[in-house]
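This report concerns only the one structure given below.
The values are calculated or read from the model by the stated rules, or taken from the named source; none is laboratory data. What you see is a predicted model, and the numbers here were worked out from it, not measured in a lab. Heads up, the Cβs are rebuilt from the backbone with ideal geometry, glycines too, and the neighbour counts pull from every protein chain shown.
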Amino acid sequence: MSTNLSANELFNVNGIVAVITGGGTGSPPTYEPNSTPLTTPGIGLMMAKALAANGAHRIYIVGRRPEVLHSAAKSINPETVIPLPGDVTSRESLLSIAKHVETETGYINLLICNAGIMGPKPLKAAPGCAAPSVAEYAAHALETPMADFTNTYTVNNTAAQIQFLAEPFHRMFFLDNLAINYPHAEHERVPVSWLFIYAGAVPLGILIAWALVLRPGTHKAHVTILGWFISMILTMFITDVIKNAVGRPRPDLIARCKPAPGTPAHQLVTFDVCTETNHHVLHDGWRSFPSGHSSFSFSGLGYLALFIAGQCHVYRPRADLARVLLALAPLLGAALIAISRCEDYRHDVYDVSVGSVLGMAVAHYTYRRYYPALRNRGCAEPFPNPADEKGWGKVKGDEESLRNAEEFELSDLEEGDEEGRMLNGRR
């Protein structure tokens, strides 16, 4: 199949149908309460203009203020740019917008989730005053309730769901099912914001610090950090796809749902009986399997554990216990995060176990793409870059040669290790 790789073809948007949330605004942001959706200043409008200028067939711009949307459409091309007033945090509004697009075109080629909120409010200097010191800024950040950070993530995450034209599967349920009658924890032991810190920022920071301090070489630092990013992204993608496809109720589903009075307890019902108005709280109740916290934590921290194990040669005979414990520390942290999901009644043991295995499996697969097995003598060094010595392109046999290298043996003990020499002499 022939492929045109010219820039004009690679970035061609001619004839496409696009939807841009927050696509009509060009005004700077204002800091309002976190529950009020704002938009990234000007970016949505700029994207709508760029798509129209480059031949897009239809561009739907979504926003809360009809007058702003109509003004934006008129300023570009009313025949191409279609204003759709709506609220991205409202399920009913999203369904109405999706129905409108489906009726007119039946499909979209591009969805740009640009709408969201700004927050929490940063510390800013008053006019004419000196900028705040580092200590003042830190004190302000520490005084900001963690719920403000979580709410910002929740609204923006809800607004960015790829479930724009299709919601995830919702299993039917019984109100008297004890397995889904646990209380809904308003405050999680490990909220999403801290999950990204524990399982994301911490291992990434360690890898970057290792690269800066030890200077292992460009290729080794590159593949190590690249592997970590691939592990995280791949895990999040697989987890979300499975969550939406399976639609398993969480243990706290009934508390989230708030069934309407009179709903029969011994009869299968759908989510239509729910009275909860918060779209995210309600529909996230059908995203129990597998546990995203578990898969994410074992993907990030599990990859770090594999990397430390390889660098410390933990499978070398008589490796000191300190190295082994150092390699196991990230796994212990991941396990504690996974266990917290059962304590919050967000998942059961089955969800957590499968999520943990999924995250660790992706981490191991990604790590082994760049590094030999941990029992390999050369486990501390990544596979060589074929482009360095053999020209651009992968050369068959590079990875296989390292994979087939000898494993650690008892003879690998230091020469001064008397017990090692005795063991070798018995052979």
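I'd like the full set of residues that are surrounded by fewer than 22 Cβ atoms within 10 Å (Cβ to Cβ), in contact with a Ser or Thr (Cβ under 9 Å, 6 or more places away or on another chain) and under 12 Å from Val17 (Cα atoms), limited to the stretch 53-78.
Matches in the stretch 53-78: Ala56, His57, Arg58.
Take the residues of the stretch 174-198 that are aliphatic (A, V, I, L, M) and assigned to a helix (DSSP H, G or I): which is farthest from Leu268 (Cα to Cα)?
In the first step, residues of the stretch 174-198 are kept if they are aliphatic (A, V, I, L, M); the result is 175, 178-180, 185, 190, 192, 195, 197.
Now drop any that are not assigned to a helix (DSSP H, G or I), which leaves 178-180, 192, 195, 197.
On the way: Leu178: 14, Ala179: 15, Ile180: 13, Val192: 32, Leu195: 35, Ile197: 40 Å.
Among those residues, the one meeting the criterion is Ile197.
Among the candidates Val101, Val155, Val88, which residue alone is in the same structural domain as Gly15 (by TED's automatic domain parsing), modelled with pLDDT under 80, touching a strand residue (DSSP E or B) at 6+ places or on another chain (Cβ under 9 Å) and under 30 Å from Val281 (Cβ atoms)?
None of the other options fit; the residue is Val88.
Show the residue pairs meeting these rules: Cβ distance below 9 Å; 6+ apart or different chains; first residue within the stretch 300-316 and in contact (Cβ under 8 Å) with a residue 40 or more places away in the chain and within 18 Å of Ser356 (Cα to Cα); second residue not hydroxyl-bearing (Ser, Thr, Tyr) and not in a helix (DSSP H, G or I).
So the pair list comes out as Leu306/Leu374.
Out of curiosity, is Gly247 farther than 24 Å from Phe169 by Cα and in the same structural domain as Leu195 (by TED's automatic domain parsing)? Break it down stepwise before answering.
Working: farther than 24 Å from Phe169 by Cα: no; in the same structural domain as Leu195 (by TED's automatic domain parsing): yes.
Answer is no for this residue.
Among the residues of the stretch 172-188, which ones are among the charged types (D, E, K, R) and surrounded by 15 or more Cβ atoms within 10 Å (Cβ to Cβ)? Outline the logic, then answer.
The initial filter retains those residues of the stretch 172-188 that are among the charged types (D, E, K, R), namely 176, 186, 188.
Glu188 - this is the single residue of the stretch 172-188 that is among the charged types (D, E, K, R) and surrounded by 15 or more Cβ atoms within 10 Å (Cβ to Cβ).
Given (1) out of contact with any Asp or Glu (no Cβ under 7 Å at 6 or more places or on another chain); (2) farther than 30 Å from Ala255 by Cα, identify the lone condition not met by Arg377.
So the condition that Arg377 fails would be (1).
Tell me the residue from Ser291, Ser297 that is over 20 Å from Ala179 (Cβ atoms) and polar (S, T, N, Q), please.
Values: Ser291 fails: over 20 Å from Ala179 (Cβ atoms).
Testing whether each residue is over 20 Å from Ala179 (Cβ atoms) and polar (S, T, N, Q) leaves just Ser297.
Anything in the stretch 256-275 that is touching a His at 6+ places or on another chain (Cβ under 9 Å) and assigned to a loop (DSSP other than H, G, I, E, B)? List them, or say none.
Within the stretch 256-275, Thr270 is the sole residue that qualifies.
Among the candidates Ala338, Ala322, which residue alone is of a type in the set (A, V, I, L, M), farther than 16 Å from Ser231 by Cβ and surrounded by fewer than 16 Cβ atoms within 10 Å (Cβ to Cβ)?
On the way: Ala338 fails: surrounded by fewer than 16 Cβ atoms within 10 Å (Cβ to Cβ).
The conditions single out Ala322.
Does Gly333 count as assigned by TED's automatic domain parsing to the domain that holds Trp286, out of contact with any Phe, Trp or Tyr (no Cβ under 6 Å at 6 or more places or on another chain) and under 19 Å from Gly200 (Cβ atoms)?
Values: assigned by TED's automatic domain parsing to the domain that holds Trp286: yes; out of contact with any Phe, Trp or Tyr (no Cβ under 6 Å at 6 or more places or on another chain): yes; under 19 Å from Gly200 (Cβ atoms): yes.
Yes: the conditions hold for Gly333.
Residues to consider are Ala211, Ala201; find the one that is assigned by TED's automatic domain parsing to the domain that holds Gly300, at pLDDT 90 or above, surrounded by 15 or more Cβ atoms within 10 Å (Cβ to Cβ) and not in a loop (DSSP other than H, G, I, E, B). Please lay out each step first, then the result.
Details: Ala201 fails: surrounded by 15 or more Cβ atoms within 10 Å (Cβ to Cβ).
Result of the check over Ala211, Ala201: Ala211.
Under 29 Å from Pro251 (Cα atoms) and at pLDDT 95 or above: is that true of Pro168 in this structure?
Judged against the criteria, Pro168 is not a match.
Has the stretch 307-330 got any residue that is at pLDDT 70 or above, under 22 Å from the mean Cα position of the chain (by Cα), assigned by TED's automatic domain parsing to the domain that holds Ala185 and of a type outside the set (S, T, N, Q)? Lay out the reasoning, then the answer.
Let us first name the residues in the stretch 307-330 that are at pLDDT 70 or above, namely 307-330.
Narrowing the set further to residues that are under 22 Å from the mean Cα position of the chain (by Cα) leaves 307, 330.
Those left that are additionally assigned by TED's automatic domain parsing to the domain that holds Ala185: 307, 330.
Still in the running and of a type outside the set (S, T, N, Q): 307, 330.
Yes, the stretch 307-330 has at least one match.
Could you give me the residue pairs with C-beta distances under 7 Å whose first residue belongs to the stretch 258-277 and is over 12 Å from Met172 (Cβ atoms), whose second residue is among the acidic types (Asp, Glu) and assigned to a loop (DSSP other than H, G, I, E, B) wherever it lies, and which are 6+ apart or on separate chains?
Lys258/Glu276; Ala265/Asp176; His266/Asp176
Quick check on Glu418: is it modelled with pLDDT under 95, within 21 Å of His222 (Cα to Cα) and among the acidic types (Asp, Glu)? It would help to see each step written out before you state the result.
Details: modelled with pLDDT under 95: yes; within 21 Å of His222 (Cα to Cα): no; among the acidic types (Asp, Glu): yes.
Considered against the rule, which asks whether it is modelled with pLDDT under 95, within 21 Å of His222 (Cα to Cα) and among the acidic types (Asp, Glu), Glu418 comes out as no.
Consider Ala335 against the criteria (1) outside any helix (DSSP H, G or I); (2) among the hydrophobic types (A, V, I, L, M, F, W, C); (3) within 19 Å of Ser193 (Cα to Cα): it satisfies all of them except one. Which criterion is unmet?
(1)
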